[in-house]
Amino acid sequence: MKIMMVREEVDNACKDEELRPILQSCREEQDEICEKLAVSFRKERMEDAKYLTAELQYWKRVEETIIEKMQSVD
């Protein structure tokens, strides 16, 4: 659900100034998921790891969409 809301924000944003905070938030989400993924692997919770991997893929695609839409990523 959260990913769908972020995608809508990206679709509605027109300027880099609007996209930068969304990109930052997206990257923070990815960092959190990576931390959870590491814990899942340490605890050998493969089902959790599968779910988190899929979620990470969604966030990565959102990040790619944002970057494609931006004039300058700097």
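Scanning the stretch 2-23 for residues that are farther than 16 Å from ARG61 by Cβ and open to solvent by 100 Å² or more (accessible area, probe 1.4 Å) yields ASN12, CYS14, LYS15, GLU17.
Rundown of residues vs (1) under 16 Å from the mean Cα position of the chain (by Cα); (2) open to solvent by less than 60 Å² (accessible area, probe 1.4 Å); (3) at negative phi, yes/no style:
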| site | (1), (2), (3) |
| --- | --- |
| SER25 | yes, yes, yes |
| LYS36 | yes, no, yes |
| ARG42 | no, no, yes |
| MET46 | no, no, yes |
| LEU52 | yes, yes, yes |
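Figure legend. Inter-residue proximity from the stretch 25-54: first residues over 18 Å from THR65 (Cα atoms), second residues of a type in the set (Phe, Trp, Tyr) and open to solvent by 100 Å² or more (accessible area, probe 1.4 Å), beta-carbon distance below 7 Å, spacing 6+ or different chains. Indicated pairs: ALA49/PHE41.
If I filter the stretch 61-72 down to residues being touching a residue at least 12 places away in the same chain (Cβ under 8 Å) and exposed (fewer than 15 other Cβ atoms within 10 Å of the Cβ), which single residue comes out as nearest to GLN24 (Cα to Cα)?
Within the stretch 61-72, the subset touching a residue at least 12 places away in the same chain (Cβ under 8 Å) is 62-63, 65-67, 69-72.
Filter again for exposed (fewer than 15 other Cβ atoms within 10 Å of the Cβ), leaving 67, 71-72.
Working: ILE67: 11, GLN71: 16, SER72: 14 Å.
My answer is ILE67.
If the condition is being within 17 Å of VAL10 (Cα to Cα), out of contact with any Cys (no Cβ under 6 Å at 6 or more places or on another chain) and of a type in the set (D, E, K, R), then the stretch 30-74 contributes LYS60, ARG61, GLU64, GLU68, LYS69.
The values are calculated or read from the model by the stated rules, or taken from the named source; none is laboratory data. These figures come from a predicted structure and were not determined experimentally. All Cβ positions, glycine included, derive from the backbone under ideal geometry; neighbour counts span all protein chains shown. Only protein heavy atoms, including side chains, enter the accessible area calculation; ligands, DNA and RNA are left aside. Shrake-Rupley method; radii C 1.70, N 1.55, O 1.52, S 1.80 Å.
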